[in-house]
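Each remark here refers to the structure printed beneath this line.
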Amino acid sequence: MIANERQYRITRAQLSKLREAIDAFDLDEAIKRVGSKTLANAEIDALTSEADVLSEQIREYEALKSGALTVLEARSLTELPRILIQARIARGLTQAQLAVTLGLKEQQIQRYESEQYASANLQRLGEIAEALDLD
């Protein structure tokens, strides 16, 4: 999941490189190199699959940023970290802005999000949800 503009830029650059690699992929050359059509096909399939994953992450981030995705639902508490990150993005808040709202340092929000809020206690999760106006 893309959580900030830096990750967004990096993901877009990675996707561009992957697409270039896919476009330049020569199946016949790969078959000669690995000695197997199955393995050569697996290589291109892996590149394509990774490009699809990155594309989906970019689409989700752009939808959140644009306001097109406004309803966020969690079916279980294990989905709460994802919802908190998505809600922050959908509200148009940077990690730094959320940190100021909560009286924390930006690095703390970055840490929480990078570890999927594993170190945040229940009280902190509630404060973040409230700051993001989540029900």
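The values are calculated or read from the model by the stated rules, or taken from the named source; none is laboratory data. Treat the numbers as computed from the prediction; the structure is a model and nothing was measured. Reconstructed Cβ throughout: ideal geometry from the backbone, glycine too, with neighbour counts over all protein chains shown. With ligands, DNA and RNA removed, areas are computed over all heavy atoms of the protein, side chains included. Shrake-Rupley method; radii C 1.70, N 1.55, O 1.52, S 1.80 Å.
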* To do: Could you please state, rounded to a whole Å, how far the C-alpha centre of region 62-97 is from the C-alpha centre of region 1-59?
  => 27 Å
* Asked: Calculated from the structure, log10 I(q)/I(0) by the Debye sum over Cα atoms at q = 0.13, 0.19 Å⁻¹ equals which of [x] -0.64, -1.20; [y] -0.65, -1.03; [z] -0.84, -1.18?
  -> [y]
* Find out how many positive minus negative residues lie around residue 1, taking Lys and Arg as positive, Asp and Glu as negative, among other residues whose Cβ is under 11 Å from that of residue 1. => -2
* Calculate the dipole size of region 49-107 relative to its Cα centre from +1 charges on Lys and Arg beta carbons and -1 charges on Asp and Glu beta carbons; express the result in debye to the nearest 20. => 340 debye
* Asked: Accessible area per residue, 1.4 Å probe, Å², for region 1-119: what's the number?
  -> 63 Å²
* Could you name the aspartates and glutamates in cross-link range of residue 105, using Cα to Cα under 14 Å and dropping any fewer than eight places away on the same chain? -> 113
